[in-house]
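Structure record follows, encoded as structure tokens.
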Amino acid sequence: MTVKTLLRTHTFFSIYNIVFLLILFGNLCVFGTSHIWPLLLFYSSFFVTYLFTYQKLNKRSIPHSKLNFQVLTFPLIILSLAMVGIHLIIMGGSPAFESLEMLKTSEVNMHRREIGFRTHGIWRYISSMNIKAFLPFTLLLLLIRKRKMYWVVFFAGLFYTFSLMQKSHVLSFLMPVLLYSLFTKKWWFALKYTASIALVIVGLVIVSNPPLRNGVNDLKEAPNKAVHVQEVSAFQKISNSLLKRIFIMPGEMVGNWFEIIPESKPFLKGKGYKFYSKITGQKYHDYNLELYPVIYPDYAKKGIKGSVNAAHFMRGYSNFGNLGLILSALFLAVVFLIMNLLFKNLSIKMKLTLNLFPIFLLSSGSLTTILFSGGWGIVMVLFWLFKKEFDEEQK
């Protein structure tokens, strides 16, 4: 089997192997071979499950939706834009543009933290779904079909992601169209999306730092100074920090979790899942938050709070140990096998356009979170509804 055939047949499995190798590389660099056996336990369980089950399912596929995808396009556009407009109206405007009038760092920091509380909690999930699923999928669809509404969705999405003052939002919004442009060699489009991402990030750095626009940093003696300085420094040295984040951090964080659990923190035995805690009435524990002061004690002493996200299989491990690693492996294999059926006969470039970014997010996030609140599951549903549209694009 050639590399091209392997990629076409096992696209998601192949890409995930790169992700796992990055995790393994980072872990070996920082901790040596201390955690090699639990990592191999996870991967071998994943590999065997995927390989064995694939042989049973490789001749099957998920049929197209019987709904008229051409009729669904306009409602999808309206839904995406309506969620943007309603959210901004309920918030009372654009938080980012409001911050431009603030000349104190403390005011901007407080303003940014309060964004999620300006509307009902349900809007956090609606907004996340829109930025990570509906808006990017709609924009990609309009780009492929060359519809006039493309520009409306493009500028509305840029304004919205900028308004919410989170740098990662613009990446979630534009990554599918950026990947599609690169894979199809539409270099001007790729340049446009890269420039748009850069402009939004630079704009948010300026908005978040009043000293850059004749304001003052009134937090020089406050604990938040470390966070503020770190953010600006990371932006100025992005080329260096990016290499560490990609090649070292995912594996290092996995190693930190292995070092702490169960020596310093116990296995949660299901209490790390909200639905289980609600059913049993037990207290829910989020180790993403609870392990922060253990991993970064110096920051914690200064009153700084944060989260430490680890690779998707670590949530299973933190709850059930080695059994959790095996269960995480089975779950991931099942997801990839279903994706094989759903995206069967689709070109490699289209498979990667829709799924490359979420697969790489598995290096530092829970699979269930990425599937649901991360919008990946909705992207799969939308693809199923518009599958004929993508089939036509390949003709």
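The values are calculated or read from the model by the stated rules, or taken from the named source; none is laboratory data. Since this is a predicted model, take the numbers as computed values, not measurements. We place every Cβ from the backbone using ideal geometry, glycine too, and count neighbours over all the protein chains shown. Protein only, heavy atoms only, side chains kept; ligands, DNA and RNA dropped before computing areas. Shrake-Rupley method; radii C 1.70, N 1.55, O 1.52, S 1.80 Å.
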Counting only residues in the range 112-161 that are under 15 Å from the mean Cα position of the chain (by Cα) and of a type in the set (Gly, Ala, Ser), the one modelled with the highest pLDDT is identified as Ala133
In the range 333-385, residues that are surrounded by fewer than 18 Cβ atoms within 10 Å (Cβ to Cβ), within 12 Å of the chain's Cα centre (by Cα) and not in a helix (DSSP H, G or I) total 2
Taking the range 275-294 and the residues there that are among the polar types (S, T, N, Q) and under 26 Å from the mean Cα position of the chain (by Cα), the one that is least open to solvent (accessible area, probe 1.4 Å) would be Ser277
Counting only residues that are touching a residue at least 12 places away in the same chain (Cβ under 8 Å), outside any loop (DSSP other than H, G, I, E, B) and closer than 15 Å to Asn256 by Cα, the range 294-315 contains a total of 5
From the option list Pro297, Pro250, Pro266, single residue qualifying as at pLDDT 90 or above and exposed (fewer than 13 other Cβ atoms within 10 Å of the Cβ) is Pro266
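Yes/no per residue for (1) surrounded by 18 or more Cβ atoms within 10 Å (Cβ to Cβ); (2) free of Cβ contacts under 8 Å to residues at least 24 places away in the same chain; (3) of a type in the set (Lys, Arg):
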residue	(1), (2), (3)
Leu7	no, no, no
Asn27	yes, no, no
Phe31	no, no, no
Leu39	yes, no, no
Phe42	yes, no, no
Leu57	no, no, no
Phe74	no, yes, no
Met83	yes, no, no
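Would you pick out the residues in the range 300-313 that are open to solvent by 60 Å² or more (accessible area, probe 1.4 Å) and within 20 Å of the chain's Cα centre (by Cα)?
Hits for the range 300-313 are Ser307, Asn309.
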Here the residues within the range 41-64 that are under 15 Å from Phe13 (Cβ atoms), part of a helix (DSSP H, G or I) and not aliphatic (A, V, I, L, M) are Phe42, Tyr43, Ser44, Ser45, Phe46, Phe47, Thr49, Tyr50, Phe52, Thr53, Tyr54, Gln55
The range 115-191: helices (runs of 4 or more DSSP H) wholly inside it with 2 or more residues that are within 26 Å of Val205 (Cα to Cα) and touching a Cys at 6+ places or on another chain (Cβ under 7 Å) are none
Counting only residues that are open to solvent by 30 Å² or more (accessible area, probe 1.4 Å) and under 11 Å from Ile246 (Cα atoms), the range 13-25 contains a total of 2
Flagged in the range 130-174 as open to solvent by 20 Å² or more (accessible area, probe 1.4 Å), touching a Gly at 6+ places or on another chain (Cβ under 9 Å) and farther than 25 Å from Leu100 by Cα, in numbering order, are Lys132, Phe134
When every residue in the range 192-216 that is polar (S, T, N, Q) and not in a helix (DSSP H, G or I) is compared, the one modelled with the highest pLDDT is Asn209
